[in-house]
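A.B. asks: I'd like to ask some things about the structure below.
The values are calculated or read from the model by the stated rules, or taken from the named source; none is laboratory data. Remember, predicted model here, so these are calculated numbers, not experimental data. Virtual Cβ from ideal backbone geometry, glycine too; neighbours counted across all protein chains shown.
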Amino acid sequence: TEIKLFCPATIANLSCGFDVLGLCLDNAGDEMIVRKVEQKGVRITKIIGADLPLETDKNVAGVAALAMLATLEVDCGFEIEIYKHIKAGSGIGSSAASAAGAVFGINELLGKPYSRKDLVQFAMQGEKLASGNAHADNVAPALLGGFTLVRSYHPLDIIRIDSPEELFATVVHPQIELKTSDARSVLKQTVSLKSAIMQWGNVGGLIAGLYTKDYDLIGRSLHDEIVEPLRSVLIPGFDLIKQTALENGALGSGISGSGPSIFALSRGKNTADQIAKAMSDVYEKMNLPYEIHVSKIN
Ligand code: HSE
């Protein structure tokens, strides 16, 4: 028996929610086949589209699968084929897609011993391998869909957040690779009370805006006092892309995950498409290769 999966790309942080907020894209992602076999253990049998290790304990999908299987008694094994479309180091959850896909697939083939929320803790082990940090803000939306909040890491408490129908994301990926571990190393370990007050005000505002379908409030809340100023310098054209998105009707714009991708949220597909066009023009003029996605959030 085997299962074929779509493993979605995700946007983490959403400006104000570093390490706690994320959302799931509906048309960008990898594919994966997970197969139940007699021979025990986990084997990565094929990776197409990326140069990633096949050794189970060096592969994010493998590590997540092993973390899950360590908690279960099963007398079968699993083979995993990965078809990567999301580039590593792009800021739209490449490692999360693989880690989430592996544990989701195995869970299905075992008759769902775990809930989707339960699976987050295992997928996080893949993230730990990839970036040195077991953050859940990509794997949670990849597994649960839509918007998610990591209310707490210890103990892990993942909340799915409703979002309005017409919310769309535009994500542009300037074709450079930025390792999450490098993008984390530029961050300060402390924040001022003044910045913290702004940030938690905005997190609350964003969640309230999503629930009440108040697009203005969503837009007002998409700000980041703490991380964006330190990371944006690593991203070519960041200020211009963000400004262009806002001028073309975006509710807000910021760094997708740890970058270099830049996201904009907007109301309606037309606006999201217009933003995509305007962002493309910026990188065309800069002569910088890029990839762009417009996606409904779900
Ligand atoms: N919250 C993580 C970070 C996401 O910004 O480092 C990485 O994709």
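A.B. asks: Would you check if K112 is assigned to a loop (DSSP other than H, G, I, E, B) and under 16 Å from S258 (Cβ atoms)?
C.D. replies: no
A.B. asks: Turning to a different aspect of this structure: Does the stretch 216-239 contain any residue that is among the β-branched types (V, I, T), under 21 Å from A9 (Cα atoms) and assigned to a helix (DSSP H, G or I)?
C.D. replies: no
A.B. asks: Which pairs have Cβ atoms under 6 Å, sit 6 or more apart or on different chains, and link a residue in the stretch 263-287 that is closer than 18 Å to G219 by Cα to one that is among the charged types (D, E, K, R)?
C.D. replies: Once the first residue is closer than 18 Å to G219 by Cα and sits in the stretch 263-287, its partners that are among the charged types (D, E, K, R) give R267/E166; G268/E166.
A.B. asks: For residues in the stretch 127-139 being assigned to a helix (DSSP H, G or I) and touching a Lys or Arg at 6+ places or on another chain (Cβ under 8 Å), which is farthest from the ligand (Cβ to nearest atom)?
C.D. replies: That would be L129.
A.B. asks: State whether the residues of the stretch 30-43 include one that is within 16 Å of the ligand (Cβ to nearest atom), touching a residue at least 12 places away in the same chain (Cβ under 8 Å) and not in a helix (DSSP H, G or I).
C.D. replies: Checking the stretch 30-43: at least one residue is within 16 Å of the ligand (Cβ to nearest atom), touching a residue at least 12 places away in the same chain (Cβ under 8 Å) and not in a helix (DSSP H, G or I).
A.B. asks: Let me ask something additional. For the stretch 50-67, state whether one or more residues are within 13 Å of the ligand (Cβ to nearest atom), closer than 30 Å to L234 by Cα and polar (S, T, N, Q).
C.D. replies: no
A.B. asks: Here's another thing I want to ask about it. Looking at D137, is it buried (at least 17 other Cβ atoms within 10 Å of the Cβ), of a type in the set (D, E) and within 15 Å of G22 (Cβ to Cβ)?
C.D. replies: yes
A.B. asks: Against the conditions (1) among the aliphatic types (A, V, I, L, M); (2) out of contact with any helix residue (DSSP H, G or I) (no Cβ under 9 Å at 6 or more places or on another chain); (3) more than 16 Å from the ligand (Cβ to nearest atom), where does I92 fall short? Just the number, please.
C.D. replies: (3)
A.B. asks: In the stretch 145-162, which residue that is touching a residue at least 40 places away in the same chain (Cβ under 8 Å) and assigned to a loop (DSSP other than H, G, I, E, B) is farthest from the ligand (Cβ to nearest atom)?
C.D. replies: Result: D162.
A.B. asks: For the stretch 174-189, indicate whether the set of residues that are assigned to a helix (DSSP H, G or I), touching a Lys or Arg at 6+ places or on another chain (Cβ under 6 Å), under 22 Å from A136 (Cβ atoms) and within 16 Å of the ligand (Cβ to nearest atom) is non-empty.
C.D. replies: yes
Okay, residues lined up against (1) at pLDDT below 95; (2) on the phi < 0 side of the Ramachandran plot; (3) over 19 Å from the mean Cα position of the chain (by Cα):
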{"position": "H173", "(1), (2), (3)": "no, yes, no"}
{"position": "E177", "(1), (2), (3)": "yes, yes, no"}
{"position": "V186", "(1), (2), (3)": "no, yes, yes"}
{"position": "S192", "(1), (2), (3)": "no, yes, yes"}
{"position": "W200", "(1), (2), (3)": "no, yes, yes"}
{"position": "G204", "(1), (2), (3)": "no, yes, yes"}
{"position": "I207", "(1), (2), (3)": "no, yes, no"}
{"position": "K213", "(1), (2), (3)": "no, no, yes"}
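A.B. asks: Within the stretch 287-298, does at least one residue satisfy the condition of being assigned to a helix (DSSP H, G or I) and either within 18 Å of H173 (Cβ to Cβ) or within 16 Å of the ligand (Cβ to nearest atom) (or both)?
C.D. replies: no
A.B. asks: Give the residue, chosen from A276, A272, that is in a helix (DSSP H, G or I), within 21 Å of H85 (Cα to Cα) and under 20 Å from the mean Cα position of the chain (by Cα).
C.D. replies: A276
A.B. asks: Can you tell me which residues in the stretch 53-68 are in contact (Cβ under 8 Å) with a residue 24 or more places away in the chain and farther than 20 Å from A142 by Cα?
C.D. replies: Across the stretch 53-68, the qualifying residue is only K58.
A.B. asks: List, please: which pairs have Cβ atoms under 6 Å, are six or more places apart or on different chains, and start with a residue in the stretch 197-213 that is farther than 14 Å from S163 by Cα and end with one that is surrounded by fewer than 22 Cβ atoms within 10 Å (Cβ to Cβ) and among the charged types (D, E, K, R)?
C.D. replies: Cβ pairs passing all conditions: M198/E225; Q199/E225.
A.B. asks: Further question: Given the criteria outside any strand (DSSP E or B), at pLDDT 95 or above and in contact with a strand residue (DSSP E or B) (Cβ under 8 Å, 6 or more places away or on another chain), does A142 qualify?
C.D. replies: Judged against the criteria, A142 is a match.
A.B. asks: Scan (1) touching a Phe, Trp or Tyr at 6+ places or on another chain (Cβ under 8 Å); (2) assigned to a helix (DSSP H, G or I) for the single condition G254 breaks and write down its number.
C.D. replies: (2)
A.B. asks: Ok, one more. Is there a residue being of a type in the set (F, W, Y), surrounded by fewer than 18 Cβ atoms within 10 Å (Cβ to Cβ) and in contact with a Cys (Cβ under 9 Å, 6 or more places away or on another chain) anywhere in the stretch 207-227?
C.D. replies: no
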